[in-house]
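Undergrad: Here it is, the structure, as structure tokens.
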Amino acid sequence: MSRRPLKALSRRHKPVSIRRDVFRLSMPVLLSSLFQRLVSIVDIFLTGGLGAAAIAATGLGQLLMFVTMTVFWGLATGATVVIAHLWGAGRREEARRAAFASCLACLAMTAVCTVAGAVWGGDIARMMGVAADVQALAADYIRLVFLWLIWTTGLNILSAIMQGAGDTRTPMKAVILVNILHVALAWPLIYGRFGLPALGVKGAAIAINSSEFIGCAYLLVQAVRKRYLTFGRPDGPLFGRIWRIGWPVALERVAQQSGQLFYSSFIIGYGTSAYAAHQIGLSIESLSFMPGAGMGIAAATLMGQALGANKLRRARISHNEALRLAVVVMTLMALLFFCAPHFLIGLFTHDADVIEKGSMFLRLVAFAQVPLAISFVYAGSLRGTGDTFYVFIATLVAMWGIRVALSWVAAEWLHLSLYAVWGVFLIDWYFRGAAFAWRYHKRDLHGAIV
């Protein structure tokens with residue numbers, strides 16, 4: 001977003017005006033998240049023609065990538081909040097140094113994760129207990145996406161830097177570019193069109209690597225040109241502030257994604273069709289995350305900027321407007337998932353068993369949309385105040401104390417149906433929504449430390 005709306009925001013406090021600013025900030029974030037997620041969805045969609053094993057292998061590789069990205073999401077959140085705080089306070093040079101410190105940390109962490117994922121990613125697929133054909137396909141996909149992880153992490157940290165400065169349009173343009181290139185490359189590389197070899201799931205991984213390289217390069221050029229990033233000596237104290245906010249977010253994402261791995265292992269126990277339906281359902285469900293996630297990032301950015309400028313009333317109104325928009329949009333998504341699940345699943349596969357199971361999954365997901373909206377926005381606002389440790393604890397309890405524990409009881413002890421195991425996530429999200437809302441309303445913004 002341009003600087004003009006942010007300046008206008010500092011002079012206005014009416015809910016209607018702030019609602020427009022929330023919308024202007026969150027819509028590019030929403031579209032960025034949507035198009036970023038579409039990269040994964042396109043891979044699931046295109047590999048669907050190769051059979052259930054290819055779908056399961058691609059989904060498993062993507063899940064492992066999400067787990068790996070947890071620490072980078074923590075770093076990105078810390079960068080967004082600290083930069084938003086400094087930007088709102090008018091301390092632009094410090095914000096640029098914070099951006100540079102974030103980029104250096106991202107490079108160091110990427111080097112470690114690249115080696116670990118490329119070497120041991122296939123072993124993790126085997127440990128998940130998948131069938132031999134799925135394991136072989138997943139190993140190829142995982143190795144390739146991890147070898148070029150730097151483009152994924154670079155996109156992530158540069159987008160976070162720009163979002164903290166209030167520029168959400170440039171990351172949106174980068175992600176749209178990535179999607180266009182990805183679609184142009186993935187289909188011919190997977191199925192061998194236009195004289196290219198048919199590489200299957202390996203072709204999907206190569207398409208991701210190539211398109212994200214272009215997107216990352218574009219963001220780096222724009223970050224330097226627009227002076228969101230300055231090169232120089234690493235600033236230890238600023239990185240310390242970023243990491244104090246970011247490490248609980250990293251642990252939160254570790255708790256979330258590792259719990260998701262364990263949860264998925266229970267689904268795998270119900271067969272390849274069940275897991276394929278689960279992965280397709282997750283891909284479709286992720287579209288509904290976008291409004292809530294976009295409003296959550298908007299809430300974190302506006303909260304950080306408002307606190308940096310010491311405008312507490314504006315911070316409260318920004319949160320309320322973000323919450324209102326998220327609930328409205330995700331309620332509409334709930335109606336879509338409940339009324340047209342067979343059509344949505346059928347876009348990805350013609351397997352009747354997968355369609356039937358996936359349709360039930362989407363109907364269950366419909367009932368989670370409102371608590372998801374509440375969770376995303378309240379968690380975003382809490383992060384904007386620097387209260388990331390509480391969000392981590394609530395997520396840990398919800399994922400491991402509720403979802404994983406109850407799924408284990410349902411699947412391994414009581415031997416209930418697949419649908420009972422899926423239904424556990426509803427309890428998880430209703431708990432999170434209540435826990436985050438309670439904390440936010442107890443939070444004293446006067447004592448918030450960013």
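The values are calculated or read from the model by the stated rules, or taken from the named source; none is laboratory data. Owing to the predicted nature of the structure, the values given are computational and were not obtained by experimental measurement. Virtual Cβ from ideal backbone geometry, glycine too; neighbours counted across all protein chains shown.
Undergrad: Find all pairs meeting these conditions: Cβ atoms under 8 angstrom apart; at least six residues apart or on different chains; first residue within the stretch 350-367 and at negative phi and among the β-branched types (Val, Ile, Thr); second residue in a loop (DSSP other than H, G, I, E, B) and at pLDDT below 85.
TA: Ile355/Thr349
Undergrad: Which residue out of Ala108, Ala84 is assigned to a helix (DSSP H, G or I), of a type in the set (Gly, Ala, Ser) and either crowded, with 24+ Cβ neighbours inside 10 Å or touching a helix residue (DSSP H, G or I) at 6+ places or on another chain (Cβ under 8 Å) (or both)?
TA: Being assigned to a helix (DSSP H, G or I), of a type in the set (Gly, Ala, Ser) and either crowded, with 24+ Cβ neighbours inside 10 Å or touching a helix residue (DSSP H, G or I) at 6+ places or on another chain (Cβ under 8 Å) (or both) holds for just one of Ala108, Ala84, which is Ala84.
Undergrad: Which one of Arg253, Arg225, Arg233 is of a type in the set (Lys, Arg), under 16 Å from Pro171 (Cβ atoms) and out of contact with any strand residue (DSSP E or B) (no Cβ under 8 Å at 6 or more places or on another chain)?
TA: Arg225
Undergrad: Which residue pairs have Cβ atoms under 8 Å apart, sit 6 or more places apart or on different chains, and have a first residue in the stretch 190-219 that is free of Cβ contacts under 8 Å to residues at least 12 places away in the same chain and a second that is assigned to a helix (DSSP H, G or I) and of a type in the set (Ser, Thr, Tyr)?
TA: These pairs meet every condition: Ala198/Tyr191.
Undergrad: Criterion first (under 19 Å from Ala368 (Cβ atoms) and modelled with pLDDT of 95 or more) does Ala405 satisfy it?
TA: no
Undergrad: Does Ala250 qualify as being within 17 Å of Leu63 (Cα to Cα), out of contact with any His (no Cβ under 8 Å at 6 or more places or on another chain), in a helix (DSSP H, G or I) and aliphatic (A, V, I, L, M)?
TA: So Ala250 fits the description; yes.
Undergrad: Could you count how many residues in the stretch 341-389 are within 15 Å of Ala277 (Cβ to Cβ) and among the polar types (S, T, N, Q)?
TA: Residues that pass the stated criteria total 2.
Undergrad: For the stretch 210-247, enumerate the residues that are among the β-branched types (Val, Ile, Thr) and in a helix (DSSP H, G or I).
TA: Within the stretch 210-247, Ile214, Val221, Val224, Ile242, Ile245 qualify.
Undergrad: Restricting attention to the stretch 403-433, which residues are more than 17 Å from Leu364 (Cα to Cα) and without any contact (Cβ under 8 Å) to a residue 60 or more places away in the chain?
TA: Result: Ala405, Val409, Trp413, Leu414, His415.
Undergrad: When you go through Phe289, Phe231, Phe262, Phe266 one by one, which is the residue that is modelled with pLDDT under 80 and aromatic (Phe, Trp, Tyr)?
TA: Criteria check complete, one pass: Phe289.
Undergrad: Additional query: Would a scan of the stretch 59-79 turn up a residue that is among the small types (Gly, Ala, Ser) and farther than 27 Å from Gly164 by Cβ?
TA: Yes.
Undergrad: Okay, moving on. Considering (1) part of a helix (DSSP H, G or I); (2) in contact (Cβ under 8 Å) with a residue 40 or more places away in the chain, say which one Leu181 fails and leave the rest.
TA: So the condition that Leu181 fails would be (2).
Undergrad: Here's something else I'd like to know. Hey, among Ser283, Ser359, Ser375, Ser288, which residue is assigned to a helix (DSSP H, G or I), of a type in the set (Ser, Thr, Tyr) and more than 21 Å from the chain's Cα centre (by Cα)?
TA: Ser359
Undergrad: Against the conditions (1) buried (at least 21 other Cβ atoms within 10 Å of the Cβ); (2) among the small types (Gly, Ala, Ser); (3) within 30 Å of Ile242 (Cα to Cα), where does Ala368 fall short? Just the number, please.
TA: Among (1) buried (at least 21 other Cβ atoms within 10 Å of the Cβ); (2) among the small types (Gly, Ala, Ser); (3) within 30 Å of Ile242 (Cα to Cα), Ala368 violates only (3).
Undergrad: When the residues of the stretch 274-316 are filtered to those that are surrounded by fewer than 21 Cβ atoms within 10 Å (Cβ to Cβ) and polar (S, T, N, Q), which remaining residue is nearest to Ser407 (Cα to Cα)?
TA: Top of the filtered list is Ser286.
Undergrad: If you don't mind, another one. Within the stretch 297-318, is even one residue touching a Pro at 6+ places or on another chain (Cβ under 8 Å), touching a residue at least 40 places away in the same chain (Cβ under 8 Å) and either farther than 17 Å from Gly166 by Cα or of a type in the set (A, V, I, L, M) (or both)?
TA: Yes, the stretch 297-318 has at least one match.
Undergrad: Looking at (1) under 30 Å from Ala394 (Cβ atoms); (2) of a type in the set (Lys, Arg); (3) at pLDDT 90 or above, find the lone condition where Arg253 falls short.
TA: (3)
Undergrad: Return the total of residues in the stretch 230-242 being in contact (Cβ under 8 Å) with a residue 12 or more places away in the chain and under 15 Å from Leu86 (Cα atoms).
TA: Qualifying residue count, the stretch 230-242: 6.
Undergrad: Restricting to the stretch 324-365, and then to whatever is crowded, with 19+ Cβ neighbours inside 10 Å and polar (S, T, N, Q), can you tell me which residue is nearest to Phe392 (Cα to Cα)?
TA: Applying the filter and picking the extreme gives Ser359.
Undergrad: Taking the residues in the stretch 380-439 that are among the acidic types (Asp, Glu) and in a helix (DSSP H, G or I) as candidates, determine which candidate is farthest from Thr80 (Cα to Cα).
TA: It comes out as Glu412.
Undergrad: Just checking, does the stretch 140-157 include any residue being at pLDDT below 90, on the phi > 0 side of the Ramachandran plot, touching a helix residue (DSSP H, G or I) at 6+ places or on another chain (Cβ under 6 Å) and surrounded by fewer than 24 Cβ atoms within 10 Å (Cβ to Cβ)?
TA: For the stretch 140-157, residues at pLDDT below 90, on the phi > 0 side of the Ramachandran plot, touching a helix residue (DSSP H, G or I) at 6+ places or on another chain (Cβ under 6 Å) and surrounded by fewer than 24 Cβ atoms within 10 Å (Cβ to Cβ): absent.
Undergrad: Something else now. Residues in the stretch 63-76 that are surrounded by 24 or more Cβ atoms within 10 Å (Cβ to Cβ) and either touching a Ser or Thr at 6+ places or on another chain (Cβ under 7 Å) or not in a helix (DSSP H, G or I) (or both): how many?
TA: Going through the stretch 63-76 one residue at a time, the tally reaches 2.
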